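The values are calculated or read from the model by the stated rules, or taken from the named source; none is laboratory data. Everything numeric here is computed off the predicted structure, so don't read it as measured data. Ideal geometry is used to build each Cβ from the backbone, glycine not excepted, and the neighbour counts take in all protein chains shown.
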Amino acid sequence: MTVSISRRNFLFASAAVGGGLYLGLSPEPAGAAEAGQLNAWVVIPATGRIRIMASNPEVGQGIRTSLPMVIAEELDADWGAVEIVPTIADAKAYGRQVAGGSQAMPTHYENMRRIGAAARAMILDAAAAAWGVPLAELKTDRGQVIHGQRRAPYGQFAAAASALPAPDPARVAVKDPKDFRLIGSFQPGVNNRAIVSGRQDYGIDAVVPGMIHAAFHKSGVQRATVKSANLDAVKAMPGVRDAFIVPASDEYEGLLGGVAILADTTWHAARARNALQVEWNDSPAAFQSSAAWASQATQAKGKPPALAVHAAGDVPAAMAGAAKRLAATYEYPFIPHLPLEPINCTARVTGDRVEIWAPTQNPEPGRAAVAKTLGVPPENITIHMMRVGGGFGRRLQNDYMVEAAQIARMAGRPVKLTWTREDDVTQDFLRPGGWHHLEAGLDAAGRCIAWDNHFISFGRDGKFARAAGIAPSDFPAGMVDHFRLGATVLPLIHTTGFLRAPGNNAFGFVTQGFIDELAHAAGKDPLVFRRELLGAARIIGDPSSRGSYNTGRMRAVLDKAAAMAGWGRKLAPRTGLGIAFHFSHLGYFANVIEASVARDGTVKVHHVWVAGDVGRQIVNPAGAINQVQGSVLDALNACRNHAVTFADGAIEQRNFGDLPLLRMDEAVPIDVAFLTPDYAVTGLGEPAYPAVAPALANAIFAATGVRLRKLPFDFSALKA
C-alpha cells in the first residue's frame, strides 16, 4: 500500500513531553490529498510508561485497543507497559475521527504501522549515536534497545531522538507479518477493568463545575413547534431552576423546538417534565401512518417504479422465455437503535467559546452544527469524545450536541442534558422500512437468468431519505444477466439514519431469502444454488469502488460456514439448517443457523456458525470475535422483536417493553472462523449482521416448509 505522507508531516516537539519524544502524523495544512490522514501520537517519556494516543471514538467496537496495538507492534513496545490516552476531537490534528461504516481499521491500519515503525527507527538512530555503534548492530525488544549484552529502555534516548530529522514514511521499514508478536494475539480491551469495576467515564458521567441538569421535551410528531406551555407552574416546582421554550431552527433536521427544564438533578427535571403541559402547533409530519404506507406499497405493486435505479439486459424478454418464474414480496419495518446509554451531552458556553462533553461517533459534523446554530467559529468549539455506551449508528447524528449547547447558552451556565428512554425511541434517526416486490426467472437448468425488483422506500420530494436508498451495484447486480431495479419513494418527515450495516441489514434478508426460494424452485440444494450463482472467482463491479466484490472470497466463506455446520447432515424433525451470505462494508460473511420449531410455533435457535473474511490480518482476535458475536445476537433480536410503527404522525412504541432487548438466557452458541487471504485489512463493526435474519428464515423454512418474508418474524404461522 502506498501511503502519501510527506516528510514534513511528521512533527516532533520534545518540550511538549518534558524531554521525551512526541511523534505524530499531522495533515498537510494546504495539501488536500493528505487532509484525511489520521494523526496518531506516540509519547515516550524519559521515565515511565510509553503513551499511545487513541484518536478514534470508542463505542464498544474495541478500536481504542486495536489501533494502538498496531502502533505498539511496529514500535516494538511492551504492551503491558503502554498507557492508552484518548484524544479530543480535532480533525486538523488527527484527521478523520469517526466510528462508523467499519472504516477505522481499513482507513488507519497501514498508517498506524508506519507511525510505530518511524518512532522505533528514530529511537534506534539516537541509540546508535549515543553508544557509538553501527545502526545495523542494534535491535529492539519490548521497549528496549539492545546491543550485544547491553540494553536500555527507549526513554533513555527519547530526548535525543526528538531532535533528529523525520524519517521518510514511505521508506521506513515495517515488520514482516510473520514476525508479529502483538498483532494477532488475544488482548482484553484496555478499558475492560474500568468498565466492570464501574470506573469508566461514559458521556453520562461527565461532571462540570456549576452545571445544572436539563430535560428537553419535544413533540412526538417531529417538526411541531410549541404554541404554549405551563412554564410558570413548572418553574415553581421543588428543585426546578428554570423552564423556557427553545425555538426550532428553520432548516430541515435542524434543532427541533421544545421546552427545556433546568433542575438540580435529573430526577427533579424528569418530575417537572411529567407535570409539563404543552400545546403544539400543527406539524407537516402529521400525515405519517404505517397503515397508510402499507396500503400505498400494496397499490404500487401493480404500477411501474417511479425511479429507475439500475438495468442490465432485457428483463421482460428473459422473463417471457424463462422455464419457471417466481414472485414474492418482502417487507421490513422501521427499527430503532436503542443504545443502552441514554442520549446525553454536557455543554458549557462562555461568550463565543463552547466546550462539549459528548458520547459521539462523529464529532466534526457536530462541531459544524453547533457552530451554525450558535453562530460561533468552529475552531472555538472544544469537543471531548467521551466513551460511548452503545451507538450502532445513532450517535453519528449529533442533534443532542446541538440541543445541549443551545440550552446551555440560553441558561447562561453549564448544562447536562439527559434524554429519557422514551426520547431515545420517539426522537430516533430510525432505520427506514421498505418493501421489495420481486420476480425472477429460471432457465431449464435451474439457473437464475432474470431478476426484477420494485423497491419501495421512504424520502422527500421523490428522493430517498438518509439510509433509505439502494445502490445500483447492490447484490445481485452483476450476478444475473438480465437485472432491473426500480424504486418508488413514499413521503416521510421523521428523521432516519444509519443503523449497523446500513441498508444491508434489510437488503441481506430480502436477497438471501429470495435466493433460497429460487434454489427450492430450481430443485437444488441452497448451498449448491448459491455457489452456482456466484460462479467462478471474479470481481463484480468497479474494482476501485467500495461496492465491488470478489465472488471467490464469498464462495470461500460460504463453503467454510457450511463445513463448520456440517451442512447436509440429518436433523431431528422440525429442525432445519439455513444458510445465507452477504457482502457489506468490505467484509465477506456467511452464516449457517440451526433452528427448531415446536408444534406451538415456538422457534429455538440452537447454534450459529459464522465464517468471515476481512483481509489478511485480524489485529485483535478477542475484539474481532466480540464484534461478530455481538452482530449476530443484535440481528437475531431485531428480526424477532423490533418494529417501529407510526400513527397520527408519531411513533407508537415508547420503551423496552415495546422493543425488547435480547436477554442473557436467549443468547446462543456462536462459532466464528476467519479466513485471511492476502487482501487489505478491513473492519468488523457491521458485515456479520446482514446474513443473520435470512439464515434464520431459511432454517425455519427447512424445518417447516413455511416461508417468512416479513420482519419482524411472526411465528404464529408456524403452528402445526
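Filtering the stretch 385-408 to residues that are surrounded by fewer than 18 Cβ atoms within 10 Å (Cβ to Cβ) and either in a helix (DSSP H, G or I) or over 20 Å from the mean Cα position of the chain (by Cα) (or both) leaves nothing.
Of the candidates Ala89, Ala119, Ala81, the single residue that is of a type outside the set (Lys, Arg), at pLDDT 90 or above, over 19 Å from Gly623 (Cβ atoms) and more than 29 Å from the chain's Cα centre (by Cα) is Ala81.
Within the stretch 656-675, one or more residues are aromatic (Phe, Trp, Tyr) and either outside any strand (DSSP E or B) or at pLDDT below 95 (or both).
Is it the case that the stretch 522-531 has a residue that's closer than 19 Å to Val644 by Cβ and charged (D, E, K, R)?
no
Restricting the stretch 479-521 to residues that are more than 21 Å from Leu534 (Cβ to Cβ) and of a type in the set (Ser, Thr, Tyr), the residue that is surrounded by the most Cβ atoms within 10 Å (Cβ to Cβ) is Thr496. Of the residues making up the stretch 598-618, those that are among the β-branched types (Val, Ile, Thr) and surrounded by fewer than 24 Cβ atoms within 10 Å (Cβ to Cβ) are Thr602, Val603, Val605, Ile618. Being surrounded by fewer than 21 Cβ atoms within 10 Å (Cβ to Cβ), in the same structural domain as Arg51 (by TED's automatic domain parsing), modelled with pLDDT under 90 and under 41 Å from the mean Cα position of the chain (by Cα) is the requirement here; does Ala160 meet it? Judged against the criteria, Ala160 is not a match. Screening the stretch 252-308 for residues that are under 24 Å from Ala408 (Cβ atoms), touching a Gly at 6+ places or on another chain (Cβ under 7 Å) and not small (Gly, Ala, Ser) and picking the one that is surrounded by the fewest Cβ atoms within 10 Å (Cβ to Cβ) gives Thr265. Output the number of residues of the stretch 425-469 satisfying the condition of being in contact with a Pro (Cβ under 7 Å, 6 or more places away or on another chain) and either in a loop (DSSP other than H, G, I, E, B) or surrounded by 20 or more Cβ atoms within 10 Å (Cβ to Cβ) (or both). So the count comes out to 11.
Could you tell me whether any residue of the stretch 371-383 is acidic (Asp, Glu), closer than 24 Å to Ala248 by Cβ and surrounded by fewer than 23 Cβ atoms within 10 Å (Cβ to Cβ)? Within the stretch 371-383 (the criterion being acidic (Asp, Glu), closer than 24 Å to Ala248 by Cβ and surrounded by fewer than 23 Cβ atoms within 10 Å (Cβ to Cβ)), the answer is no, since none of the residues qualifies.
The number of residues in the stretch 667-679 that are surrounded by 15 or more Cβ atoms within 10 Å (Cβ to Cβ) and of a type in the set (D, E, K, R) comes to 1.
Say whether the condition of being assigned to a loop (DSSP other than H, G, I, E, B) and in contact with a helix residue (DSSP H, G or I) (Cβ under 6 Å, 6 or more places away or on another chain) is met by at least one residue in the stretch 536-549. Looking for residues that are assigned to a loop (DSSP other than H, G, I, E, B) and in contact with a helix residue (DSSP H, G or I) (Cβ under 6 Å, 6 or more places away or on another chain), one finds at least one in the stretch 536-549, hence yes. Looking at the stretch 635-666, which of the residues that are under 22 Å from the mean Cα position of the chain (by Cα) and over 16 Å from Leu340 (Cβ atoms) is surrounded by the most Cβ atoms within 10 Å (Cβ to Cβ)? Among residues in the stretch 635-666 that are under 22 Å from the mean Cα position of the chain (by Cα) and over 16 Å from Leu340 (Cβ atoms), the one surrounded by the most Cβ atoms within 10 Å (Cβ to Cβ) is Ala635. Does the stretch 146-178 hold any residues that are touching a Leu at 6+ places or on another chain (Cβ under 6 Å), not hydrophobic (A, V, I, L, M, F, W, C) and not in a loop (DSSP other than H, G, I, E, B), and which are they? If the condition is that a residue be touching a Leu at 6+ places or on another chain (Cβ under 6 Å), not hydrophobic (A, V, I, L, M, F, W, C) and not in a loop (DSSP other than H, G, I, E, B), then His147 is the only one that fits. Only residues that are charged (D, E, K, R) and in a loop (DSSP other than H, G, I, E, B) were counted across the stretch 179-190, and they come to 1. Restricting the stretch 340-354 to residues that are crowded, with 19+ Cβ neighbours inside 10 Å and out of contact with any Phe, Trp or Tyr (no Cβ under 6 Å at 6 or more places or on another chain) leaves a set whose member that is nearest to Phe498 (Cα to Cα) is Asn344. Looking across His268, His217, one residue alone is closer than 27 Å to Glu355 by Cα, out of contact with any Pro (no Cβ under 9 Å at 6 or more places or on another chain), at pLDDT 95 or above and assigned by TED's automatic domain parsing to the domain that holds Thr350. It is His217. Out of everything in the stretch 522-555 that is closer than 17 Å to Gly508 by Cα and hydroxyl-bearing (Ser, Thr, Tyr), what residue ends up being surrounded by the most Cβ atoms within 10 Å (Cβ to Cβ)? It comes out as Tyr549. The residue that is surrounded by the fewest Cβ atoms within 10 Å (Cβ to Cβ), among those in the stretch 225-251 that are part of a loop (DSSP other than H, G, I, E, B) and over 35 Å from the mean Cα position of the chain (by Cα), is Pro238. Candidates in the stretch 355-365 are the residues that are in contact (Cβ under 8 Å) with a residue 60 or more places away in the chain and out of contact with any Lys or Arg (no Cβ under 7 Å at 6 or more places or on another chain); of these, the one that is surrounded by the fewest Cβ atoms within 10 Å (Cβ to Cβ) is Glu364.
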